[in-house]
Amino acid sequence: MKLIEQPFVRRILNGRAIWPLLALAVILIADGFISPGFYEIRIVEGRLFGNLIDILYRAVPTALIALGMAVVIGTRGIDLSVGSIAAIAGAMIAWRIQAGDPHGVVLLYALGAGILCGMWNGMLVAFLGIQPIIATLILMVSGRGIGMLINLIYGGTDPSFQSDFLQWLSTGSILFIPTRLYVFAVIFLLLWLVIRRTALGLFVEATGGNAAASNLAGVNAKLIIFAAYLICGLTAGWAGVILTADTHTSDPVSVALYIELDAILAVVIGGGSLAGGRIYLGMTVIGALVIQALTTSILISGLPPEYNLIIKALVVLFVLVLQSDNARRGIVSKFRRSP
Amino acid sequence: MSALLNKKLLPFYATVAVFIAIFLIGGAMYNNFLSMRVLGNILADNSFIIIAAIGATFVILSGGIDLSVGSMIGFVGVCMAVLDSMGLDPLTTALLMMVFGFAFGAFQGWVIDALDIQPFIITLAGLFLLRGMCFMVTINSVPITHEWADLYSDIRIRLPGNGLLRSSAIVMLISLAAAIILAHFTRFGANVYAIGGDKESARLMGVNVRRTTVLVYAVGGLFAALAGVVYALYTKSGYPLAGTTLELSAIASVVLGGTLLTGGVGLVAGTLFGGMILGLISTLIIFNGSLNSAWILISSGVLLFAFMVMHRFLVGSFGLRD
Amino acid sequence: MAIMKANTAGATRIAMRGIRKAYPGVLALDDVDFELHGGEIHALLGENGAGKSTLIKVLTGALQRDRGEIMLDGEPVNFAKTGDAQDAGISTVYQEVNLIPAMTVTQNLTLEKTHGRFGFISWRKARAQAQQKLDRLGLKVELNRTVGSHSVAIQQMIAIARALDDDTKVLVLDEPTASLDADETAALFDVMRSLKAKGIAIVFITHFLEQVYEVSDRITVLRNGCKIGTSLIGDINRQDLIAMMIGRDLGEVEEAFAGERRDGSGEVVLTAEGVGRKRVLAPFDLTLRAGEVVGLSGLLGSGRTELVKLIFGALKHDSGTLKLANGTAGNNPRASLDAGIVLCPEDRKSEGLVGELSVRENIILSMQAKRGWLRKVSRAEQEKIADEMIRALAIATPDGEKLVRQLSGGNQQKVVLARALASSPRIMLLDEPTRGIDVGAHAEILTLIRTLCEDGLALLVASSEIDEVVASSDRVAVLRDRRKIGELTGEDITRDKIVTMIAGDNL
């Protein structure tokens, strides 16, 4: 256990992890002032309810996608198509349930679709050498159309479905705690094992840091990049499953709209640089929680939910300015010039 | 010799060829498709996308990207409508909004160059900010009722063959002409191509990269604001969700128009055809009636893929940039 | 080494005195003097990292000097940026052609140099202006074609045409012939001579000795940031010049090794037969034996790095076969690593290390790649290996967790070596293992090479420092003009023999 905690503790001491945690704390404390009953947690119908639980609950889809995004960004890439992948996974569910498959198999179909999408992106970036933004733009544009087409396969008039199993995965609960939190915990743990308990994480970080040097050191950089997009496709597929099961209908046009932006933001808030080279899985989750906590605060403060966007924009700018070497140098030199 | 001369224009020729081919296919499938009337309608219906895409062309030529375009269209729309309800005339508000678009773009450009942050992420913040501001202005759909708006929409030029050039199409064609002059006959235009082609070389050759970058995004913002004005007057209303994901259509138009997303190669005129290809596809699919709008998205994606692979091939095999 | 006094007819245009420039951890220029006369072609010679480019950048204001003064026509000058130097009449054409390939010749020649009204450009005027610039060099180029569609030679000429204004006094050409063939070079030299005749002073940076003798009037040699000497071209022969460029007095450590060469009785571990690649390196034969150091000597651009990369598979060979003791080599880095071959590349920053990763992570990277991603080297094992390597190679770092980019050049080089060693190789390919590192680390690395050899490794060491090759090799392969021209063994490995081979018979 000591070995696991060591880098985490060191990161906190280095001050990099302290900012997102501090931001989260400030938001939650502010919420306490805005709404006196904010920290209340009660049990209704065998499940915990309350604002804190709600933040965790709602953050799951973004956090899932952000995890995959963190891996992709680690390779110095980006995946814009995650929202579309979620839409495709959702459409797969509606289709296969209508087709009468067992619901466990339906889940596999949805995740398989996510993996396939990830492989497509990975192929374009790693093997065709197309810039990540451009390569993933293709699926971003056409993915929602593919989702709508899948809906058409069975008539498309009513893409809603009933599935106790899938809804239990998304909105059910075990021992008072929402099932999707368990699902998330399991995926997080698995991904953490794959990234940190195998050498994949090191290879991703080496490739993102310096692809040429990694290649000469014997790392198969192309395969690593491919794998990163595959992982991102899988987590986006899972997010699609949870979002679609929540509404029990496949809505490719608007499901997970702009989620790629939230996911990228979560990675950046968590300390990941878009220049690649590092993966912080734990901090990425904190980043997603910061975003969700912001959204929830605006909701309970009575401001229109749309203000969320402005606050998000300001947070992005603030974080980026903090991360920018130029800005830091500029501020430092200002202080030096006028002692 | 002449093949070498023209290889830079290959993507542009490909775009024009694809446009003509799709138009002809449409003509073969539907009797009344191949007409000036349909062409005039496509021009009018897509003029705001094309205007925004013209601005995006400058940004992409310089090697950057601007995601704030769609939100800018929405924001300008609601401002136009709300100012209209306060009694301001559309001409004044249009000028105000274009000044705002220019300034907002300039600010984005300054942050991008001064802080050396990827344009993608800064303009993403711009997207959030402007969309949020839309809702601060109004959360309802607000009509534009000033009589000048009606006067504007009555402007039209008759084309041979029962076609009409509507006011938005006229504004679009004028902006296109202005953009072509700006891109190809000014120092600013030359500098945009230079920093998109090779930023470090351009710097060594004496180009002021900071000023050019600021201006590029300012021009992008200006055209996006103009697109918002045209859209608001076309629909005679402002709606806070208007223009959502339009930045993607704008970028797609630019790429389909033969401009390399890596910057430095492309023609402003190509963007007109790129936007028209997207417009043709949706018109064709709507003409069909039995096809779902899903096909619009998918065919855009397929075309994007084809063009990107083609660009990649051109860059690789002809050394377009090396 | 005698420093020769030089006299030429032209007046002194530029005098640089006591120029010093330090980067973090590296002293790039150490009290360098440089003088340039009007109407001369002055060759500036030196290996990679000798300080040529830094000197030029200091002159043109692209870099600010730490100390020293620059006089232009007797007046002290300080250029804050390159534009200032250009305005003062100093034009520079940098090593990589600095033009925009996708833009036309006219656009490139007139970018930010044509000033129409209100920011508009009159292409008619611009074309006239461009034509005038081309005429000045007697160039016949179509103005409307893109620069990228011309040969590199023409691009080079266009870059020179762009750099020249009516009032240009000094023209700096940084490696202008690097990618030109013989005819193109001759054409460039004609242009240089005609400019010289107009009284323009030209600084000519190159690593081709024939060209130096063909076109220049004087030579200045830099090595490791120091000026070694300046001479009139007629006063120095090729052998002395080579010795000035790559000679180096033997340090104590190196001397200790000289004279105890092994006879090459070890087991053959790698055989290259006719391995080559078109336009990169002519086919060559080479064998590597266990417990033997093969030195690779030749001037910059002779194909040292390319030979090493061909063997490693980082460059794919298109002729010949590469045999290992146990089969054919894989022709890609990953397969070579599996076969026990490792490469320590020349350019540490761009090809050697991942700067943002820690010392520990860099050290175990190759070892981990060899094991595959599933069998992770445990954290405890990583730390043990890193600590062992840090101790064995005396890497100056508090622990393995420091980021590699924060280390000095010498220590970074040791990390590259440590990474190679951690993968338990049988064949090590070292490209310039001692470049840009201080004297102490230099001796340590040479000692290490000998120790490794005694442990039974086969080593191939490419180096631009001839005395280093003489001191540490059991056998020396000599390269010239992208071709292996011979091997020296035993008693024949002397500095003079190598210099003679590199200089060629046509002296």
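Tabulated data for the structure shown
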{"read-out": "Tally of residues being in contact (Cβ under 8 Å) with a residue 24 or more places away in the chain and either assigned to a helix (DSSP H, G or I) or on the phi < 0 side of the Ramachandran plot (or both) across the stretch A:173-192", "value": "11"}
{"read-out": "Wholly within the stretch C:87-204, helices (runs of 4 or more DSSP H) carrying at least 2 residues that are aliphatic (A, V, I, L, M) and surrounded by fewer than 18 Cβ atoms within 10 Å (Cβ to Cβ)", "value": "C:182-197"}
{"read-out": "Pair list, Cβ < 7 Å and 6+ apart or interchain, from the stretch B:96-113 residues that are of a type in the set (D, E, K, R) to residues that are in a helix (DSSP H, G or I) and surrounded by fewer than 19 Cβ atoms within 10 Å (Cβ to Cβ)", "value": "B:Asp113/B:Val209; B:Asp113/B:Arg210"}
{"read-out": "Residue list for the stretch A:180-198, restricted to those being buried (at least 24 other Cβ atoms within 10 Å of the Cβ) and more than 19 Å from A:Leu111 (Cα to Cα)", "value": "none"}
{"read-out": "Residue selected from the stretch B:59-77 under the condition farther than 18 Å from B:Tyr152 by Cα and out of contact with any Leu (no Cβ under 8 Å at 6 or more places or on another chain), by the criterion surrounded by the fewest Cβ atoms within 10 Å (Cβ to Cβ)", "value": "B:Gly63"}
{"read-out": "Filtered residues of the stretch B:175-197 (kept if within 7 Å of chain C (Cβ to nearest Cβ) and not polar (S, T, N, Q))", "value": "B:Phe185, B:Arg187, B:Phe188, B:Ala190, B:Tyr193, B:Ala194, B:Gly197"}
{"read-out": "Among the residues listed as A:Gly209, A:Gly218, A:Gly287, the single one being small (Gly, Ala, Ser) and under 19 Å from the mean Cα position of the chain (by Cα)", "value": "A:Gly287"}
{"read-out": "Subset of the stretch C:50-86 that is within 14 Å of chain B (Cβ to nearest Cβ) and charged (D, E, K, R) - its residue that is surrounded by the fewest Cβ atoms within 10 Å (Cβ to Cβ)", "value": "C:Lys81"}
{"read-out": "Residue within the stretch B:211-222 that is among the aromatic types (Phe, Trp, Tyr) and either within 14 Å of chain C (Cβ to nearest Cβ) or closer than 19 Å to B:Leu272 by Cβ (or both) present", "value": "no"}
{"read-out": "B:Gly221 vs. criteria of a type outside the set (Phe, Trp, Tyr) and under 30 Å from B:Ala28 (Cα atoms)", "value": "no"}
{"read-out": "Meets criteria (within 30 Å of B:Ala294 (Cα to Cα) and modelled with pLDDT of 90 or more) for A:Gly287", "value": "no"}
{"read-out": "Filtered residues of the stretch B:263-306 (kept if of a type in the set (Phe, Trp, Tyr), surrounded by fewer than 22 Cβ atoms within 10 Å (Cβ to Cβ) and more than 14 Å from chain A (Cβ to nearest Cβ))", "value": "B:Phe287"}
{"read-out": "Residue that is nearest to the other protein chains (Cβ to nearest Cβ) [pool: residues in the stretch B:111-131 that are assigned to a helix (DSSP H, G or I) and not hydrophobic (A, V, I, L, M, F, W, C)]", "value": "B:Arg131"}
{"read-out": "Enumerated helices (runs of 4 or more DSSP H) restricted to the stretch C:235-349, each holding at least 3 residues that are closer than 28 Å to C:Phe208 by Cα, assigned by TED's automatic domain parsing to the domain that holds C:Leu180 and at pLDDT 75 or above", "value": "C:238-246"}
{"read-out": "Qualifying residues in the stretch C:314-328 (those that are away from every other protein chain (no Cβ under 14 Å) and surrounded by 15 or more Cβ atoms within 10 Å (Cβ to Cβ)) - the one farthest from C:Arg304 (Cα to Cα)", "value": "C:Ala325"}
{"read-out": "Among residues of the stretch A:159-197, those that are hydroxyl-bearing (Ser, Thr, Tyr) and in contact with a Gly (Cβ under 9 Å, 6 or more places away or on another chain), counted", "value": "2"}
{"read-out": "Complete set of residues in the stretch C:195-222 that are among the aromatic types (Phe, Trp, Tyr) and free of Cβ contacts under 8 Å to residues at least 40 places away in the same chain", "value": "C:Tyr213"}
{"read-out": "Enumeration of residues in the stretch B:202-234 that are free of Cβ contacts under 8 Å to residues at least 12 places away in the same chain and over 12 Å from B:Gly63 (Cβ atoms)", "value": "B:Arg203, B:Leu204, B:Met205, B:Gly206, B:Arg211"}
{"read-out": "Filter pass, C:Thr92 being within 20 Å of C:Thr54 (Cβ to Cβ), among the β-branched types (Val, Ile, Thr), in the same structural domain as C:Asp174 (by TED's automatic domain parsing) and in contact (Cβ under 8 Å) with a residue 24 or more places away in the chain", "value": "yes"}
{"read-out": "Positions within the stretch B:132-149 being surrounded by fewer than 16 Cβ atoms within 10 Å (Cβ to Cβ) and either among the hydroxyl-bearing types (Ser, Thr, Tyr) or in a loop (DSSP other than H, G, I, E, B) (or both), in sequence order", "value": "B:Ile139, B:Asn140, B:Ser141, B:Thr145"}
{"read-out": "Yes/no for B:Thr244 being under 30 Å from B:Lys199 (Cβ atoms) and among the polar types (S, T, N, Q)", "value": "no"}
{"read-out": "Wholly enclosed helices (runs of 4 or more DSSP H) of the stretch A:217-325 bearing at least 1 residues hydroxyl-bearing (Ser, Thr, Tyr) and under 17 Å from A:Ala63 (Cβ atoms)", "value": "A:221-247, A:281-300"}
{"read-out": "The stretch A:195-216, residues that are more than 9 Å from chain C (Cβ to nearest Cβ) and among the β-branched types (Val, Ile, Thr)", "value": "A:Ile195, A:Val204"}
{"read-out": "Scan of the stretch C:356-374 for residues that are assigned to a loop (DSSP other than H, G, I, E, B) and more than 7 Å from every other protein chain (Cβ to nearest Cβ), ordered by number", "value": "C:Gly372"}
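Yes/no per residue for (1) among the charged types (D, E, K, R); (2) over 27 Å from B:Val192 (Cβ atoms); (3) assigned by TED's automatic domain parsing to the domain that holds C:Leu44:
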residue: C:Gln129; (1), (2), (3): no, no, yes
residue: C:Gln132; (1), (2), (3): no, no, yes
residue: C:Glu142; (1), (2), (3): yes, no, yes
residue: C:Thr146; (1), (2), (3): no, no, yes
residue: C:Ile154; (1), (2), (3): no, no, yes
residue: C:Met157; (1), (2), (3): no, no, yes
residue: C:Asp166; (1), (2), (3): yes, yes, yes
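The values are calculated or read from the model by the stated rules, or taken from the named source; none is laboratory data. These numbers come from a predicted model, not from an experiment. Neighbour counts run over all protein chains shown; Cβ positions are idealised from the backbone, glycine included.
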